[in-house]
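*Asks:* Take a look at this one; I'll ask things after.
Values quoted throughout were computed directly from the atomic coordinates according to the rules given, and no laboratory measurement underlies them. The shown structure was predicted, so the numbers you read here are calculated from the model rather than taken from an experiment. FYI the Cβ positions are ideal-geometry reconstructions off the backbone, even for glycines, and counts take in every protein chain you see.
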Amino acid sequence: MAFPDDQLTADEHVVLHLRPHWRVLIGRLLLALLAVVVVLAVTLWTGNQLAVGIGVIVAVVAVLWLAVWPWFVWRSTHYVFTNERVMLRSGIATRDRRDIPLNRINDHSTSQTVVDRMFGCGTMTIESASERGQSVLRSVPGIDRVQTVLNEITDQAVSGPAQRRIEAPAPQARRVDNPS
């Protein structure tokens, strides 16, 4: 799903558009399946029709709360890197939005647990020159590539597209034949 163009400025284009890694949903899905199995096993074991009906309702609520809601949260979380800023969007009913201009980024770092390394994701911390200071992006997929891309676009933002780094020619040494 592409990021809405109406949130971009005239000269801005999306370099990377990411969501948290899908692994954040695995634990919730397994927990929902376990809850359904336990609730249905207990209700079927009792044999009471009322207990079975209540058990089915509890199982549906467990799936909605433990699996479906986290999926909606995951779908509504966006990490967008453009040639001008980093945009962080999250939330379903209440939306949180943070824009960090590339020229205000002081530092960015990554960290990975062993499980993160197995899945190829990690946590990125972006420090900016603002009141809020740090922004933490959790479960960023392809974290190494994302950090490389962020390095490239911040370097371009600092140097400017029209001001390419032009190196002055090295001064030529003068040869003095007669040192008098």
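*Asks:* Taking the convex hull of the Cα atoms, report for region 1-106 its projected area averaged over all directions, in nm².
*Replies:* 8.8
*Asks:* When a footprinting reagent is the concern and you count Cβ atoms within 10 Å, what order do V115, V140 take, fewest first?
*Replies:* V115, V140
*Asks:* Of (i) -0.58, -0.79, -0.86, -1.17; (ii) -0.42, -0.72, -0.84, -1.39; (iii) -0.37, -0.65, -0.76, -1.34, which one was derived for log10 I(q)/I(0) by the Debye sum over Cα atoms at q = 0.10, 0.13, 0.14, 0.18 Å⁻¹ from the structure shown?
*Replies:* Of the listed options (i) -0.58, -0.79, -0.86, -1.17; (ii) -0.42, -0.72, -0.84, -1.39; (iii) -0.37, -0.65, -0.76, -1.34, (i) comes from this structure.
*Asks:* For region 76-159, just say rounded, prolate or oblate: build the C-alpha gyration tensor, square-root its eigenvalues into a ≥ b ≥ c, call rounded for a/c under 1.5, and beyond that prolate if a/b exceeds b/c, oblate if not.
*Replies:* oblate
*Asks:* Oh, and also: Using Cβ counts within 10 Å as a stand-in for footprinting exposure, how do R138, R95 rank, fewest first?
*Replies:* Taking fewest neighbouring Cβ atoms as first place, the list is R95, R138.
*Asks:* Can you figure out the FRET efficiency of I54 with L25, using R₀ = 25 Å and their beta-carbon distance, to the nearest 0.05?
*Replies:* Using R0 = 25 Å, I get an efficiency of 0.35.
*Asks:* Ranked by Cβ crowding within 10 angstrom, fewest neighbours first, how are D116, D6, D144 ordered?
*Replies:* The order, fewest Cβ neighbours first, is D6, D144, D116.
*Asks:* Follow-up question, since we're still on this one. Give the range of the longest stretch in the chain that excludes all GluC sites (Glu not before Pro) found in loop regions by DSSP and having at most 15 other beta-carbon atoms within 10 Å.
*Replies:* The answer is 13-130.
*Asks:* Work out how much length E127 to N106 would gain on full extension: take 0.36 nm times their residue separation and subtract the Cα-Cα distance, in nm to one decimal.
*Replies:* Full extension from E127 to N106 adds 7.0 nm.
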